[in-house]
1. Condition test on LEU494, is it touching a residue at least 12 places away in the same chain (Cβ under 8 Å), surrounded by fewer than 20 Cβ atoms within 10 Å (Cβ to Cβ) and more than 26 Å from the chain's Cα centre (by Cα)?
2. Working only within segment 63-83, note down all residues that are assigned to a helix (DSSP H, G or I), in contact (Cβ under 8 Å) with a residue 12 or more places away in the chain and within 18 Å of GLY49 (Cβ to Cβ).
3. Among the numbered conditions (1) of a type in the set (Lys, Arg); (2) more than 25 Å from PHE273 (Cβ to Cβ); (3) in contact (Cβ under 8 Å) with a residue 60 or more places away in the chain, tell me where ARG358 comes up short.
4. Testing GLN197 on (1) at pLDDT 85 or above; (2) under 23 Å from GLU129 (Cα atoms); (3) surrounded by 19 or more Cβ atoms within 10 Å (Cβ to Cβ), one condition comes back false. Which one is that?
5. Assess whether ARG43 counts as being free of Cβ contacts under 8 Å to residues at least 24 places away in the same chain, surrounded by 14 or more Cβ atoms within 10 Å (Cβ to Cβ) and part of a helix (DSSP H, G or I).
6. Within segment 520-552, how many residues turn out to be of a type in the set (Lys, Arg), exposed (fewer than 15 other Cβ atoms within 10 Å of the Cβ) and within 32 Å of the chain's Cα centre (by Cα)?
7. Filter segment 250-260 for residues that are at pLDDT below 90 and either assigned to a loop (DSSP other than H, G, I, E, B) or in contact with an Asp or Glu (Cβ under 8 Å, 6 or more places away or on another chain) (or both); which is surrounded by the fewest Cβ atoms within 10 Å (Cβ to Cβ)?
8. Can you say whether ASP505 is in the same structural domain as GLU397 (by TED's automatic domain parsing), closer than 28 Å to ASN403 by Cβ and modelled with pLDDT under 85, as far as the supplied structure shows?
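The values are calculated or read from the model by the stated rules, or taken from the named source; none is laboratory data. None of these values were measured; they are calculated from a predicted model. Ideal geometry is used to build each Cβ from the backbone, glycine not excepted, and the neighbour counts take in all protein chains shown.
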Amino acid sequence: MDERLKNLRKRAMALPLEPGVYIMKNKDGEIIYIGKAKKLKNRVSQYFGSQNNHSDKVRRMVSQVKTFDYIITDSEFEALILECSLIKQHQPKYNILLKDDKGFSFIKITGDKWKKITYALQKDDDGAEYIGPYTNGFYVKQAVEEANAIFKLPTCTRRFPEDFGKARPCLNFHIKRCSAPCTGKVKLKDYLESFNQALDFLKGNEKESVRKLTEQMYQASENMEFEKAAMLRDRINAIKKLSDKQKVIETKVKSQDVIAFFSDGNKACFEVFRFDEGRLRYRENYFVDPPDEDAKARAEFIMSFYNTKTDIPRFVTVDGEVEDKELIERFLSEKKGRRVYIAIPQRGQQKALVDMTRQNAAERVAKTRGAVLGRELSVLEELKDLLGLDNLPSYIESYDISNTAGDENVAGMIVYENGRPKKSAYKKFKIKSFLGQDDYGSMTEVLTRRFEEYKKLSAQGEEEGFAKLPDLILLDGGVGQVGAVRPVLEKFGLPVPLFGMVKDDKHRTRAIVNEQGEIAINMNRRVFSFISALQDEVHRFSVGYHRTRRKKSLLGVSLTEIQGVGEERAKALLKHFRTVNNIKNADLEELKSAPKMNDSVALSVYRYFRNKESEGEK
């Protein structure tokens, strides 16, 4: 430990065991991190002890700390409030900071008589009419698109009446999303009526629009204007259908925020879905550094997210534990003026909603990794939590043994990278150290050979293939297989997580096992499907290799022993004659006419089997 850390730790050990806020500063006196503690001495001294237990982010922060200040408070709740206020004021670089750089959005109305509705990110001096500003850009864009579709308003760049009749109607007319005023057949009066209805829809809400349109429909019906009444009926149905489609939750919770995050170890993203009346009104995502502790990261995010907001819902639904949950609930409740709850659903529709939000966060991270899909990263995150892994199992190796009563004993290794099979990394092993059937011994040999190759290649500076360590090893087998392989990993000093995959009596995936027991996976549909597919794939690959070896062996016993008959010619003979016995009984002319045969080789085959018969008679 260097002198700086010793001095900082000595000073930290002199702090009181009372709640408060600590303020880390660098050599320039700049505040780089602000935190709170239930007991200042215990919390702050942890930073300046052994650095091996810290994440890279914490180590970077500690390496820049020159000094620290602290403020004692009367309670941990006061410390939370003070921490929140100081973070907002100083914006330290190592705290989770959510910068609202989304700006404002506007509903934009253009045109003189034939008006159009669009959305804009800024208000320009262009003579257009603007409604807003709105802080919720997602909702504005979505609402404008819905209004134009329901009321069949044009979204093209054509100008009216200048462009009447100049071109045929576009696709939107044919799919009933536009009334096609470009044809010149739509009356201005009818167009403006639709426009005003769309504007009412945007300014009000679905219920109010449906009420007004219903009144107009009945009025049109009484006036014997049945075509107009039918048009209004269709618009009412379109609004209701849209509303039903958007209600992704049928819940007693009328308004809530759903917060979930995903991290692949390199990047982390928080996703927020805001629901009102069962409809998604708002969504945002924030990239942060991969957290050291998930519960602490959620707490920091929630405090930062609601620090500047006034529209706090009664229910905040999250995807896992939150540090100081009760304190944060109290903070949000006092800010809102009524009780606010933080919920962590375990099942049902609320759990499905959290999973959906989390998958969207995974999708954001996935976009930074090229072609990887968010749902695949999301299932790996669920597998990581289920198995209690420290890191995301992005690179998984799976092994299976295959033989027939000990004959042609082989093994197959498959690789899943980022949740997908990586077939270029598949490997085949022929068991060499013994004959006969011994699945435990076979698995021990295979893993020993695999990691001997790892040691050799990594020493040469290689990084791919066997030079790459897996994040997780899954064996097709139970506790016995795991117990056989564990000493191999210990021998090479490799801390690779190791589990087995067991099947039920019907040969279907049942659970994951290690020496501590079974881990049920049938309650988690996505993990269950993933493991089942992986186990089926490694079984398919190893059995396929075994069958190839066995077929070659059978060919070698008979046909490939004949002079002039190689593997390709033997395959052609078997394909033509179907069985070895048919080849044996074929006459010389039949052999000569077979594919890939010539006279001399046909004679060799003919004599081979006749000589075998003679030897048998003797």
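1. Numbers: touching a residue at least 12 places away in the same chain (Cβ under 8 Å): yes; surrounded by fewer than 20 Cβ atoms within 10 Å (Cβ to Cβ): yes; more than 26 Å from the chain's Cα centre (by Cα): yes.
Answer is yes for this residue.
2. GLN64
3. Here ARG358 meets the rest and fails (2).
4. Answer for GLN197: the failing condition is (1).
5. Numbers: free of Cβ contacts under 8 Å to residues at least 24 places away in the same chain: yes; surrounded by 14 or more Cβ atoms within 10 Å (Cβ to Cβ): yes; part of a helix (DSSP H, G or I): yes.
The answer is yes for ARG43.
6. 2
7. Ranking the candidates gives LYS252 first.
8. Answer is yes for this residue.
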